[in-house]
Amino acid sequence: MKKTVICLLLAALLPLMLLSCSQEQEEVFDLDLSGSTEMNFDGLGLKVIVSFFSGNSAVAGDNILGYPVGTGLAELASDRLSDTEKELNCKITIDYREWSNFSSYFTGSLAAGSSPADFAFITSFDIYSYAKAGYLAGINSQLGDVIDYRDSDKWGSPNLLECCCYKDDLYGVLPAAWPDLIYSSFGYPLVVNEDLISIVGANDPRELYEQGVWNWSTFNDELEKCTVIESGETITYGLTAHSPYFSEMILGSNGVGLTRINGKPVLTCGFYNNPAFFSAAEEVQLIRFGDLSYTYYLAVEGDPVTVTDSFCNGMACYSFMPTKYIFGVYGDVSQKVNNYGIVRTPVGPDVAPDHAAGIYDGMTCSIVFPAINDYLSEAGVVVNKLFEPLPGYETHEDVIEYMRRNNFFDSRDCDAFLDILDHAMYNYFYSAGGDVRNVPATLARSNTPPAEILDQYEGLMEEHFDNAVGDMLAAYSMLFPEQFE
């Protein structure tokens, strides 16, 4: 890299100029946050914007704080809203907005010098750009007395909070103590049609993992077993996937990531000067363009939704896909596949047999606070109370047990799912721009030698690390230094 990202760590010490700095704000309450268990906001009204990116035709108001209307969890969320209003003597008004018009309203209000809400419950895609523009309040610097971002069970683990980092602070937190919400925001687990596996006579990958042989070589054998050809026509394929998803997961299965080498964050691109990258690249191109290409159903690879439809219709035994298409309100797999499984990606030669990795491009549900905010501290207190664990799900173990009962056919699938989530790597797709994924995407879309692909995008990757990626890693290394040790 021409520039060292370490410089960004020094630059991160410079104070971020927020829009609110230039405006005097009326001091409405003198809050004592030092330990008082009773607060009275004297009927204060607080506005919340709720807006999520669904990827389908879901309507904005068909949820209560992220839960589909009419479900038990939605009722618990509604009760929590009422209880919080009573406990704090405040009124919480929720403005449910379609994702398509949320950003223009949110940024337009702030650019004009007014607050669009006291906090927002949104998809994290634009947190980097909002923080860069000075539109968001810093969680650590401005709300640290109220919100303990180090409480991972409540606000999200460090690897998932990476998407909320910018230069010297954290600009969002995640509702990690509530069931489902953060668990349907990442990718791209390897999903298997267990009934189809049985029909074609292939092996259950769960058992292969337990035997310690769930690796690329075994996976390649299984793809061949799963591909059924009759009278020159392929009836069933081994694998269908959106190619970038497939490529990123194979790279991750050998310890390689955009900002990761062997699972550790790095301040330079993990694709370069890394022998493990070339091993993974060879595996990607073997399946896509080499002797195993006949096992890969490519006809719909450009559209993740259509790929999901093909998997649900029995075109392939395996597929990599976002978890939101597996279960939850958008989960076609859980609704259409009678017996599906979730397994870790088979591992490469440079990692341990139990290695796990995942990818995410953003979190569907995140909590942010506008920088222009007359009631920032009060909003922090409300959020802190509102997103306490729900009744019946008081501990992290309670949430996991709920998922084990409701989302999986086999408890081993739940273990694999959580392992993938715990090791999920942020791919910066929405922060740095789509071309930050050019290296893995090109690996799976072109038979160009991997070394040439690296050369082709080296300047672009340097630029990303000098800008968005470096900006976010600077905060990540400052807030979570133990991750880099």
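The values are calculated or read from the model by the stated rules, or taken from the named source; none is laboratory data. Predicted, not measured: the structure shown is a model, and the values here were computed from it. As a convention, Cβ positions derive from the backbone with ideal geometry for all residues, glycine included, and neighbour counts pool all protein chains shown. With ligands, DNA and RNA removed, areas are computed over all heavy atoms of the protein, side chains included. Shrake-Rupley method; radii C 1.70, N 1.55, O 1.52, S 1.80 Å.
Looking only at residues that are exposed (fewer than 15 other Cβ atoms within 10 Å of the Cβ) and modelled with pLDDT of 95 or more in the stretch 87-113, which one is farthest from LEU136 (Cα to Cα)?
ASN89
Select from the stretch 342-357 the residues that are small (Gly, Ala, Ser) and either surrounded by 24 or more Cβ atoms within 10 Å (Cβ to Cβ) or under 19 Å from SER247 (Cβ atoms) (or both) and list them in ascending order.
GLY348, ALA356, ALA357
Let me confirm something: among SER366, SER377, which residue is open to solvent by 30 Å² or more (accessible area, probe 1.4 Å), in contact (Cβ under 8 Å) with a residue 12 or more places away in the chain, on the phi < 0 side of the Ramachandran plot and among the polar types (S, T, N, Q)?
Just one listed residue meets the conditions, SER377.
Taking the stretch 461-477 only, how many residues are small (Gly, Ala, Ser) and either within 10 Å of ASP169 (Cα to Cα) or crowded, with 24+ Cβ neighbours inside 10 Å (or both)?
Selection size over the stretch 461-477: 3.
Under 9 Å by Cβ, and 6 or more places apart or on different chains, what pairs join a residue from the stretch 209-229 that is of a type in the set (Lys, Arg) with one that is in a loop (DSSP other than H, G, I, E, B)?
Close Cβ pairs satisfying both conditions: LYS225/GLY201; LYS225/ALA202; LYS225/ASN203.
Name the residue, out of LEU267, LEU258, that is surrounded by 19 or more Cβ atoms within 10 Å (Cβ to Cβ), in contact with a helix residue (DSSP H, G or I) (Cβ under 9 Å, 6 or more places away or on another chain) and modelled with pLDDT under 95.
Exactly one residue qualifies, and that residue is LEU267.
Please verify whether the stretch 300-312 includes one or more residues that are crowded, with 20+ Cβ neighbours inside 10 Å, part of a loop (DSSP other than H, G, I, E, B), touching a residue at least 60 places away in the same chain (Cβ under 8 Å) and out of contact with any His (no Cβ under 8 Å at 6 or more places or on another chain).
no
Which of the residues belonging to the stretch 114-137 are of a type in the set (Gly, Ala, Ser) and open to solvent by 40 Å² or more (accessible area, probe 1.4 Å)?
SER114, SER115, SER129, ALA133
Can you say whether ALA77 is touching a residue at least 12 places away in the same chain (Cβ under 8 Å), outside any strand (DSSP E or B) and over 19 Å from ALA371 (Cβ atoms), as far as the supplied structure shows?
yes
Go through the stretch 434-446 and report how many residues are at pLDDT 95 or above and of a type in the set (S, T, N, Q).
2
Restricted to the stretch 157-204, and to residues that are under 30 Å from GLY470 (Cβ atoms) and of a type in the set (Val, Ile, Thr), which residue is modelled with the highest pLDDT?
VAL173
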